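S.K.: Below is a structure I'd like to ask you about.
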Amino acid sequence: MLKDTACRIFSVLFNQYIREDTNLNFLEFDNPFQILIMTILSAQTTDRTVNSVKGRLFEAYPDPSSMADADISKIEEIIRPTGFYRAKSKNIRGASEMLVREYEGIVPDSMEELVKLPGVGRKTANIVLNHAYGIDAGIAVDTHVKRVSFRLGMTDNTSPDKIERDLTSLFPKEAWGKINFLLISHGRSVCDAKKPACDKCCIKELCRYYRENNSPDKE
DNA sequence: CTCCCGATAT
DNA sequence: ATATCAGGAG
């Protein structure tokens, strides 16, 4: 895809969705530790589900040291609705232990250090860096970013690492955090996985998927 | 590649 | 019943 096309898509999506971050369907957090834990919990689960366990979880374990001393089974009970609760419990306690032992209880602000934490990959690290510290180290490629960017034709790859490379070279660094938010917003509201609502799409004229599936000579 | 694992929409 | 949801580890 041409950078000019990418820029136009960004512009249209920005005007469409920029007001929507007052909308409730995103992770809630009050500090770097919370966004780290909430993002680990968000794997394969909706943000709403993760938000629903936030109160109990941080009331019981408000900081890395209390979480590091937590009883695994108690964490499991609290976060069960988010799915993968055994692995996630182990990960968030393990990450908390590492924060206490190696980072003085402070969530690190570099990709290199963040991905050393159990349960933290590039996607989660990118979210933490951007949300907690305002750092654009890369672009978080989740299931929405993956699907929407592929359909639009911003990438021909399917692996998150390659998609991130394609997207970061397509957009200026200042836009990285925004394009993540915009692709997710669009993926949720219009370009959903099962049946994308191309008729309601504000960027269909710029979309590869639309061209290939709604072209005049289809069928 | 498989496994982890519950909630929700269709 | 099945697919999918702000993935990561083995």
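No value in this document is a laboratory result; all are computed from the given coordinates. None of these values were measured; they are calculated from a predicted model. Every residue, glycine among them, receives a Cβ derived from its backbone with ideal geometry; neighbour counts consider all protein chains shown.
S.K.: Which of the three applies to the stretch A:32-133, rounded, prolate or oblate, going by the alpha-carbon gyration tensor with a ≥ b ≥ c and a/c under 1.5 meaning rounded?
M.R.: Numbers: a/c = 1.65, a/b = 1.21, b/c = 1.36.
The shape class here is oblate.
S.K.: As I understand it, the dipole of chain A uses +1 on the Cβ of Lys and Arg and -1 on the Cβ of Asp and Glu, about the Cα centre. Which of A:Phe33, A:Pro81, A:Ala125 lies farthest toward its positive end?
M.R.: Result: A:Pro81.
S.K.: Within 10 Å of each candidate Cβ there may be at most 12 other Cβ atoms; applying that plus a DSSP loop requirement, which GluC sites (Glu not before Pro) in the stretch A:46-110 survive?
M.R.: Details: sites: A:Glu59, A:Glu76, A:Glu77, A:Glu97, A:Glu102, A:Glu104; in loops: A:Glu104.
Sparse-neighbourhood loop GluC sites (Glu not before Pro): A:Glu104.
S.K.: Normalized C-alpha radius of gyration of chain A, against 2.2 N^0.38 Å? Kindly include the intermediate steps, with their values, before the conclusion.
M.R.: Working: Rg = 18.7 Å, N = 219, 2.2 N^0.38 = 17.1 Å.
Compared with the compact-globule rule of thumb, chain A sits at 1.09.
S.K.: Continuing with the same structure: Taking only C-alpha pairs under 8 Å that are 6+ residues apart, what is the relative contact order of chain A in percent?
M.R.: On the way: 254 pairs, mean separation 43.6, N = 219.
Reported relative contact order: 20 percent.
S.K.: Let me ask something else. Round to a whole angstrom and tell me the spacing of the C-alpha centers of the stretch A:122-178 and the stretch A:52-79.
M.R.: 30 Å
S.K.: Another question about this same structure. Helix-derived [θ] at 222 nm for chain A: sum -39500 (n - 2.57) over DSSP H runs of at least 4, divide by residue count, nearest 500?
M.R.: Numbers: 12 runs with 128 residues, N = 219.
Helix contribution divided over all residues of chain A: -17500 deg cm²/dmol.
S.K.: Taking the Cα centre as origin and putting +1 on Lys and Arg beta-carbons and -1 on Asp and Glu beta-carbons, what dipole magnitude results for the stretch A:32-133, to the nearest 20 debye? Let's see the in-between values first.
M.R.: Working: 13 positive and 13 negative charges, 102 e Å.
With Lys and Arg at +1 and Asp and Glu at -1, about 500 debye.
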